[in-house]
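Data first, discussion second: the structure below is written as structure tokens.
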Amino acid sequence: MNILLTISYDGTNYFGWQRQKNQITVQQRLEEALSMLMKKDIEVRGASRTDTGVHALGQAALLKTETSIPIEKVPYAINSFLPDDITVTNARFVNDDFHPQYSVLKKTYQYKILNSEFKNPKLRNYSEFIRQPLDIEKIKEACKYFIGTHDFNAFCASGSTAKTTVRTIFDLSVFKNDDIIDIEVTGNGFLYNMVRIIAGTLIYVGIGRFEPIFINEIIESKDRTLAGKTAGPYGLTLMKIYYKE
């Protein structure tokens, strides 16, 4: 059986999604839970390699196994073996040719910023704290320059193994509620640290270091040194992965 799992997790206590030799990761905890449930060694293939401290509401992983558990009961069965900061929220059958990475149509990420005079201890693991006032209208104006298909090499961290740095961003929106600013971006794929670099660059726009139109110049330059800093991991959440039916 090919079963696609949707997983939600608080990434605070994990060294990212992907299994590592000497660090605890979300994939490791999920595979341990599945192995206990199925009473055999289980491996899963994830859709997105979230980094240390990054969260998810819509991570996806492919499970290949035989089970007599009804598909609608699979999340409940797995969750009984998982820690409180990881939850399987959905399970469904997929075809034999399904691939958790290559079958992706688009992904949505959210980056959360706390823009206030003082830090909020409750949000320290779930947002980037910026004390300087951010110009939300300039940030919104800057967002439109990211929309479309571009070579996003200037927004890719070193160490990437991507064959091409061309990506398409379908939507990039900003929402403000009191001291909280949410940046939501949807694209057909993202380069290494791309969303965090976009967030860091928009922060530079918000504090007045960059003018919105400068985003065009950064993209055209393909030069990472022209873009903003890589914003911290804790503000980032993988919201949803969209698949071909």
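The values are calculated or read from the model by the stated rules, or taken from the named source; none is laboratory data. From a predicted model like this one, the values you see are computed outputs, not experimental measurements. Note: ideal-geometry Cβ built from the backbone for every residue, glycine included; neighbour counts use all protein chains shown.
A few remarks follow.
- Condition check for I169: in contact (Cβ under 8 Å) with a residue 40 or more places away in the chain and β-branched (V, I, T): no
- Of all the residues in segment 199-245, those that are under 25 Å from P100 (Cα atoms) and in a helix (DSSP H, G or I) number 3.
- Yes/no for E141 being assigned by TED's automatic domain parsing to the domain that holds P233, in a helix (DSSP H, G or I), touching a residue at least 12 places away in the same chain (Cβ under 8 Å) and surrounded by fewer than 17 Cβ atoms within 10 Å (Cβ to Cβ): yes
- T25 meets each of the listed conditions (1) more than 18 Å from the chain's Cα centre (by Cα); (2) more than 20 Å from N95 (Cβ to Cβ) apart from (1).
- Some residue of segment 205-228 being under 17 Å from the mean Cα position of the chain (by Cα) and either surrounded by fewer than 22 Cβ atoms within 10 Å (Cβ to Cβ) or within 23 Å of V166 (Cα to Cα) (or both): no
- For segment 138-146, the criterion of being at pLDDT 95 or above, β-branched (V, I, T) and touching a Ser or Thr at 6+ places or on another chain (Cβ under 9 Å) is met by no residue.
Rundown of residues vs (1) in contact with a Phe, Trp or Tyr (Cβ under 7 Å, 6 or more places away or on another chain); (2) outside the structural domain of G11 (by TED's automatic domain parsing); (3) basic (K, R), yes/no style:
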{"position": "E32", "(1), (2), (3)": "no, no, no"}
{"position": "K40", "(1), (2), (3)": "no, no, yes"}
{"position": "E66", "(1), (2), (3)": "no, no, no"}
{"position": "F81", "(1), (2), (3)": "no, no, no"}
{"position": "I86", "(1), (2), (3)": "yes, no, no"}
{"position": "K112", "(1), (2), (3)": "yes, yes, yes"}
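- Scanning segment 20-32 for residues that are over 20 Å from G58 (Cβ atoms) and of a type outside the set (S, T, N, Q), we see that the one that is modelled with the lowest pLDDT is K21.
- Scanning segment 180-198 for residues that are among the aliphatic types (A, V, I, L, M) and part of a strand (DSSP E or B) gives I180, I181, I183, V185.
- Residues in segment 161-179 that are surrounded by 12 or more Cβ atoms within 10 Å (Cβ to Cβ), not hydroxyl-bearing (S, T, Y) and not in a strand (DSSP E or B): A162, D179.
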